[in-house]
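Novice: Sharing a structure here in structure tokens format.
The values are calculated or read from the model by the stated rules, or taken from the named source; none is laboratory data. Because the structure is predicted, anything quoted here is derived from the model rather than measured. Positions of Cβ are generated from backbone atoms using ideal geometry, with glycine treated the same way; all protein chains shown enter the neighbour counts.
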Amino acid sequence: MRQIRQCTLCADHLPHPPNPVLAASADASLVIIGQAPGIKAHASSMPWNDASGDRLRNWLGIDRNTFYNTNDVALIPMGFCFPGYVRGADAPPRKECAPTWHNRLLNYLQPSLTLLVGRYAQHYYLPEFKTLTQAVDAQATFTSSMMVLPHPSGRNNRWLAKNPWFETRVLPRLKQKVQALQLPA
């Protein structure tokens, strides 16, 4: 964690000085692999510190205190620093982070449940699915220790409206798996 927090690998490509935003400890039973911190997370050094985080916590059925307790939940982005903007939206995560750090970090963690949130995490870890929708829909075929979710951003409201099965089939299963971890309330 100390090495990651000091990383400057892609400093020349970032709009702000590097500020790797993640939270993890070896005790975490739930690992959430997201995209990259937004500007609010960058400013506060707190992952998922925005409306997307609120929606994600609601999907999981856990409160803020549980979510930010690194003994229970590890929050790891595909790109550790805010990547800037492209055409008014957050830019994709930098490609250097995951290949450089994820294997070492995930070997250290050993979670009971891993959530891949958004297409960047899905594509990196489950590239056999052509689209995020296919990966999310195929939940029953995954190992019981992994689930794929769309990104909880408001930008995905259209996807959520077009795929009502996510709310009726996937979210109850997600909440059940999170509850089975017996995270403190």
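Novice: Condition first: surrounded by 16 or more Cβ atoms within 10 Å (Cβ to Cβ) and without any contact (Cβ under 8 Å) to a residue 60 or more places away in the chain. Now tell me which residues in the stretch 149-181 satisfy that.
Specialist: Listed by number, the residues that qualify are 150, 156, 163, 166, 170.
Novice: Looking at the stretch 81-89, can you tell me whether even one residue there is in a helix (DSSP H, G or I), at pLDDT 95 or above and surrounded by fewer than 17 Cβ atoms within 10 Å (Cβ to Cβ)?
Specialist: No, because not a single residue in the stretch 81-89 is in a helix (DSSP H, G or I), at pLDDT 95 or above and surrounded by fewer than 17 Cβ atoms within 10 Å (Cβ to Cβ).
Novice: Search the stretch 51-63 for residues being farther than 17 Å from residue 181 by Cβ and not polar (S, T, N, Q), and hand back the single one that is nearest to the chain's Cα centre (by Cα).
Specialist: Among residues in the stretch 51-63 that are farther than 17 Å from residue 181 by Cβ and not polar (S, T, N, Q), the one nearest to the chain's Cα centre (by Cα) is 53.
Novice: Can you tell which of 131, 143, 66 is surrounded by 15 or more Cβ atoms within 10 Å (Cβ to Cβ) and not aliphatic (A, V, I, L, M)?
Specialist: After applying the criteria, what remains is 66.
Novice: Let me ask something else. Is it true that some residue in the stretch 100-115 is within 18 Å of residue 24 (Cβ to Cβ), charged (D, E, K, R) and at pLDDT 95 or above?
Specialist: no
Novice: Go through the stretch 108-148 and give me each residue that's within 14 Å of the chain's Cα centre (by Cα) and without any contact (Cβ under 8 Å) to a residue 12 or more places away in the chain.
Specialist: 123
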